[in-house]
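A.B. asks: I have a structure here, written as structure tokens, and I will follow up with some questions on it.
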């Protein structure tokens, strides 16, 4: 199944008084670029996440963020008696020294003292995160599955759009082939007229040489090769869309080849209907290339 490079998923979990929130998202990229924003102190978590993502995703700029928080018990404010004693002792000394030099200080309020660093804290010892890695990796699995599902849904929609655009290109290519046939009859008539005009006004000209030059002009304007290549590119594109794995980069390269043939066809056209079809081809190819940029 085709995958888009755009995806998003979020999740949350808790364990042993800790809670966390996952944020997983990706956008287009030339290759696979993993950016992990993780709390420190969880051995093996980054390596485990990288292994899981590398196995599941081939292309895209992927960002994983994990916000870890303590539980409700850890959030309860507690008074630090030792720190309070140190703060009160320091305030007493400051007031005494101020009085010695005749400086009057406003009394400190309880709120001001409580706001000083270390007087109030969240209490409890710092949580041990060393055993949390397996729990987090297991909790990440459904988040990754949801992320891949979104990429797959968008990828399926992209595949439908790309196949429809290939159908448009196929119709325009066959129109171009028919118009090239129409052009041949008109071109032959025009060349014969040009040959007659040249021979009438070029005494001593070699008729065979003139005919060869006109024939060379006709060969240079032939678009058979471009049409054949467009057909081959369409077959290759459909083959890639039905293949397994990431094909976005190959399709992107193939779109350059599509565009090259359409440009050459337009430059050789010399026939208004064929020129119009060539321009329409270029338009569809440009739209298709924009969609291919989103494909893994």
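A.B. asks: Can you report the number of residues in region 11-63 which are within 20 Å of the chain's Cα centre (by Cα), within 20 Å of residue 130 (Cα to Cα) and in a strand (DSSP E or B)?
C.D. replies: Selection size over region 11-63: 2.
Rundown of residues vs (1) at negative phi; (2) surrounded by 13 or more Cβ atoms within 10 Å (Cβ to Cβ), yes/no style:
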site	(1), (2)
7	yes, yes
16	no, no
34	yes, yes
38	yes, yes
55	yes, no
59	yes, yes
62	yes, yes
78	yes, no
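A.B. asks: Could you tell me which of the residues 137, 166 is modelled with pLDDT of 95 or more, under 30 Å from residue 66 (Cβ atoms) and either touching a strand residue (DSSP E or B) at 6+ places or on another chain (Cβ under 9 Å) or surrounded by 14 or more Cβ atoms within 10 Å (Cβ to Cβ) (or both)?
C.D. replies: None of the others qualify; the one that does is 137.
Yes/no per residue for (1) touching a helix residue (DSSP H, G or I) at 6+ places or on another chain (Cβ under 9 Å); (2) at pLDDT 85 or above; (3) assigned to a helix (DSSP H, G or I):
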| site | (1), (2), (3) |
| --- | --- |
| 106 | no, no, no |
| 112 | no, no, yes |
| 124 | no, no, no |
| 141 | yes, yes, yes |
| 151 | no, yes, yes |
| 158 | yes, yes, yes |
| 161 | yes, yes, yes |
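The values are calculated or read from the model by the stated rules, or taken from the named source; none is laboratory data. This one's a predicted model, so the numbers in the text were calculated from it and none came from an experiment. Positions of Cβ are generated from backbone atoms using ideal geometry, with glycine treated the same way; all protein chains shown enter the neighbour counts.
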